[in-house]
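These notes are about the structure you will find just below.
The values are calculated or read from the model by the stated rules, or taken from the named source; none is laboratory data. None of these values were measured; they are calculated from a predicted model. Backbone-built Cβ (ideal geometry, glycine too); neighbour counts: all protein chains shown. When the accessible area is computed, the model is the full protein with side chains, heavy atoms only, and any ligands, DNA or RNA have been set aside. Shrake-Rupley method; radii C 1.70, N 1.55, O 1.52, S 1.80 Å.
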Amino acid sequence: MDSYVVEPQSLFIPYLSDVLAGAELRVVRVAPTLDVDDIRASRPEALFVDTDFLDVDPADAVSAMRAALPRAFICAYTDRQGARADRLRFAGANCVLSKRSGPGEITDALLAARKRGSFTDPRCD
Amino acid sequence: MLNTIVATATTPSLTKPVRVLVIEGQALFGKALCQVLASDSDIEVVGDSDCVANAPLRRLRPDLIVLDLDGHNQEFSEAMRTCRELAPQAKVCVLSTHVQPEVMQRCLSAGADGYVVKDILPAELMRAVKSVASGHPYVDPRVAGGVLKRRSNGFGRTAQNELSVRETEIIRLIARGMSNKEISAQLHLSEKTVKNHISRIFAKLNITARTQAAVHAIKTGLA
């Protein structure tokens, strides 16, 4: 799946891209901040967004991404304990991942979410 | 404090590789960080850990600890004390998601030798690590710029838009999802007084919603 990553931690991108590749997500575009117009124009099949750096409420951001790309696979990645995964899911996230997860856990979770339609790390609830 | 607010422009030369220990709560970011640091021949990554409590500080004897500000379960000052006690020779460079000067100042006051923001570019990270390792404090230029701006607005004076102690308490409780009624009970204030404080918080931060207040509290390290 062609994937769009919203992540400002640039030194993290090469490693993250390798991990996502393990779940068959191919990073085709990276943006440091949320730009819904750019997302809409890029038309990726999947979105991976680090919700801890957004200038807007994470659930609002996911909701805007879902509105822009109704059929995309959306993964929210967060380090906030009690990130209100329910709000992120309700807004349209298919997958809510914790930054506490190692590379293997991330790959497994993404594959599970793609297979079952959704996955939420219990640490984010 | 001003002499510590320095972002060095040149990379100090080192006679032997800097032994670096990475303590980073975000597992993937920690691995990425080790990979980036290890690509420089002046740096030897001696280990990584998800938190200070699990890090073998005494055994590894690092020259420098790259310490994640956001990822551990203990207070930052406590984490710093542990680092100082178990690895007194090591310099500490904090990695943070916060660009707010007050967060950086708290870290430096707790004894950190450097402060970098996590969206730093790899080349700048190397420069920061080598600078701190050779005894030159380093602070992300954006954060240092914020401190200088505040100073030029009148050092030691409370800025118009700075939150009072009471307002800070209240915004913390908002960030925990508490209602006005719950906040008033917790702080032994009337609901009307809480409402007035919240109105002032909104005006000072130029926001209109509790969610924005909560986001501000999280981003500035208040919550």
Would you list the helices (runs of 4 or more DSSP H) that sit entirely within region A:21-125 and hold 3 or more residues that are farther than 17 Å from A:Q9 by Cα and open to solvent by less than 10 Å² (accessible area, probe 1.4 Å)?
A:58-68, A:103-116
Just give me the residues in region B:77-101 being more than 19 Å from B:A133 (Cβ to Cβ) and either open to solvent by less than 30 Å² (accessible area, probe 1.4 Å) or more than 9 Å from the chain's Cα centre (by Cα) (or both), in sequence order.
B:S77, B:E78, B:A79, B:R81, B:T82, B:E85, B:H98, B:P101
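Take residues that are modelled with pLDDT of 90 or more and tell me which of the helices (runs of 4 or more DSSP H) falling wholly in region B:80-192 contain 2 or more.
B:122-133
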Restricting to region B:193-206, what's the tally of residues that are closer than 26 Å to B:Q100 by Cα, open to solvent by 80 Å² or more (accessible area, probe 1.4 Å) and part of a helix (DSSP H, G or I)?
1
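Considering only region B:102-111, how many residues are in contact (Cβ under 8 Å) with a residue 12 or more places away in the chain and open to solvent by 10 Å² or more (accessible area, probe 1.4 Å)? Before the answer, list the steps.
Residues of region B:102-111 that are in contact (Cβ under 8 Å) with a residue 12 or more places away in the chain, as a first pass: B:102-108, B:110-111.
When the remaining residues are screened for being open to solvent by 10 Å² or more (accessible area, probe 1.4 Å), the result is B:102, B:105-106, B:108, B:110-111.
Final tally of qualifying residues: 6.
Only one residue in A:V49, A:V56 is in contact with a Phe, Trp or Tyr (Cβ under 8 Å, 6 or more places away or on another chain) and either among the aromatic types (F, W, Y) or without any contact (Cβ under 8 Å) to a residue 60 or more places away in the chain (or both). Which one?
Details: A:V56 fails: in contact with a Phe, Trp or Tyr (Cβ under 8 Å, 6 or more places away or on another chain).
Answer to the check: A:V49.
Please determine, by comparing only the residues of region B:32-54 that are in contact with a His (Cβ under 9 Å, 6 or more places away or on another chain) and within 13 Å of chain A (Cβ to nearest Cβ), which one is surrounded by the fewest Cβ atoms within 10 Å (Cβ to Cβ). Outline the logic, then answer.
Taking region B:32-54 as the starting set, the residues that turn out to be in contact with a His (Cβ under 9 Å, 6 or more places away or on another chain) are B:50-53.
Now drop any that are not within 13 Å of chain A (Cβ to nearest Cβ), which leaves B:50-51.
On the way: B:D50: 19, B:C51: 17.
Out of the qualifying residues, it is B:C51.
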If you go through region B:197-222, how many residues are in contact with an Asp or Glu (Cβ under 9 Å, 6 or more places away or on another chain) and hydroxyl-bearing (S, T, Y)?
2
Taking the condition of being within 14 Å of chain B (Cβ to nearest Cβ), closer than 15 Å to A:Y77 by Cβ and either open to solvent by 70 Å² or more (accessible area, probe 1.4 Å) or among the aromatic types (F, W, Y) (or both), how many residues in region A:1-17 meet it?
2
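Being under 18 Å from A:V19 (Cβ atoms) and away from every other protein chain (no Cβ under 12 Å) is the filter here, so list the residues in region A:69-92 that pass it. Write out each step before concluding.
Taking region A:69-92 first, the residues under 18 Å from A:V19 (Cβ atoms) are A:73-79.
Correct list: A:F73, A:I74, A:C75, A:A76.
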Please specify each residue of region B:44-59 satisfying the condition of being farther than 20 Å from B:P17 by Cβ and touching a Lys or Arg at 6+ places or on another chain (Cβ under 9 Å).
B:D50
